[in-house]
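Remarks on the structure that follows.
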Amino acid sequence: MFYFKTKTKLTLITLTIIILTLILCLSSFAKTEVYFSLSENPQKAIIKNINQAETYINIAMYTFTDQEIALSLANAQKRGVKVRVYLDRSQIESTYSVSRLLVQKGIKVRISTNNYIMHHKFAIIDNRLLLTGSYNWTFAANNKNEENLMIIDDPEIIEIFQHQFVNLWTNKYSPDRTKALFNKAKVDILTVFPPPAQSKTKTININSASQDELVKVLQISEPLAQKIIALREELKGLKDLQALIQLPEITTLEWEEWEEQGITITVK
């Protein structure tokens, strides 16, 4: 009887240790962060993650007046990171909006078709992080208002937001309002959104192209070009273009832009 009780006690202790270990392990994998304005500086967290972006940043923002964040986006674009910004119609004329600065820096900006309010406040970075919450990218949000910012690394949630962004970017933007913004900024819209190619003018072999060729022809960042090369080396050559789906950084928007630009990608 004593042996049985001792064994049962040891089993319960072992199970408890295993459960606690699992809880601690799961906690260590959770990287979701929460920031509150006026005490934890969400702006600093946003800029840090923009500075660490390697391939793309997709943004849907109701109000965007923070010049420091805008300049960090411009620097990201200089590194080859694709930056897309989708804004509410109020940002065309708003006095402090950075919308004009963004297009002057060559960043792709589109304006919502919504006649009321496009109230989203989120950004997706490299298909690995989602930044969202009540926090508009404004000076007031960081220094005056009570706001929250969440940085989420859950792939399923990111996929949902990415799908929503693609829908907004491709189906719910106003060409007229977008053109009005570019006119306000005194920037030719065709320099940022070149017209679709009338014929296939560029061809690139994804299996033989150098890193420099991948960057220049596909207009992608060096880190993404390196990942493409690593993937083709791992697979000993890509058998078809479907293999590129293994790289989550290559989204439907990339394929659409390559097609519009008249870029043909081959594996032979």
Can you name the condition, by its number, that residue 134 falls short on among (1) surrounded by fewer than 20 Cβ atoms within 10 Å (Cβ to Cβ); (2) under 20 Å from residue 35 (Cβ atoms); (3) out of contact with any strand residue (DSSP E or B) (no Cβ under 9 Å at 6 or more places or on another chain)? (3)
Scan segment 132-145 and tell me whether some residue there is assigned to a strand (DSSP E or B) and aliphatic (A, V, I, L, M). no
Considering only residues that are under 20 Å from residue 194 (Cβ atoms), in contact (Cβ under 8 Å) with a residue 24 or more places away in the chain and part of a helix (DSSP H, G or I), which ones fall in segment 236-256? 252, 253, 254, 256
Find all pairs meeting these conditions: Cβ atoms under 8 angstrom apart; at least six residues apart or on different chains; first residue within segment 114-140 and assigned by TED's automatic domain parsing to the domain that holds residue 166 and at positive phi; second residue at pLDDT 95 or above and assigned to a loop (DSSP other than H, G, I, E, B). 126/53; 126/54; 126/55; 127/55; 133/147
Hits in segment 34-56 (condition: touching a helix residue (DSSP H, G or I) at 6+ places or on another chain (Cβ under 6 Å) and within 20 Å of residue 110 (Cβ to Cβ)): 50, 53, 55
What's the total number of residues in segment 74-117 that are small (Gly, Ala, Ser) and either surrounded by fewer than 21 Cβ atoms within 10 Å (Cβ to Cβ) or touching a Pro at 6+ places or on another chain (Cβ under 8 Å) (or both)? 5
The residue from 155, 175 that alone is under 20 Å from residue 94 (Cα atoms) and assigned by TED's automatic domain parsing to the domain that holds residue 73 is 175
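Being in a helix (DSSP H, G or I), without any contact (Cβ under 8 Å) to a residue 40 or more places away in the chain, not polar (S, T, N, Q) and not assigned by TED's automatic domain parsing to the domain that holds residue 81, is that true of even one residue in segment 219-227? Break it down into steps so the answer makes sense when it comes.
Here is the first cut: in segment 219-227, the residues in a helix (DSSP H, G or I) are 222-227.
Still in the list and also without any contact (Cβ under 8 Å) to a residue 40 or more places away in the chain: 225-227.
Those left that are additionally not polar (S, T, N, Q): 225, 227.
Checking which are not assigned by TED's automatic domain parsing to the domain that holds residue 81 leaves us with 225, 227.
Yes; the residues of segment 219-227 include at least one that is in a helix (DSSP H, G or I), without any contact (Cβ under 8 Å) to a residue 40 or more places away in the chain, not polar (S, T, N, Q) and not assigned by TED's automatic domain parsing to the domain that holds residue 81.
The values are calculated or read from the model by the stated rules, or taken from the named source; none is laboratory data. These figures come from a predicted structure and were not determined experimentally. Using ideal geometry, Cβ is built from the backbone for each residue, glycine included, and neighbour counts are taken over all protein chains shown.
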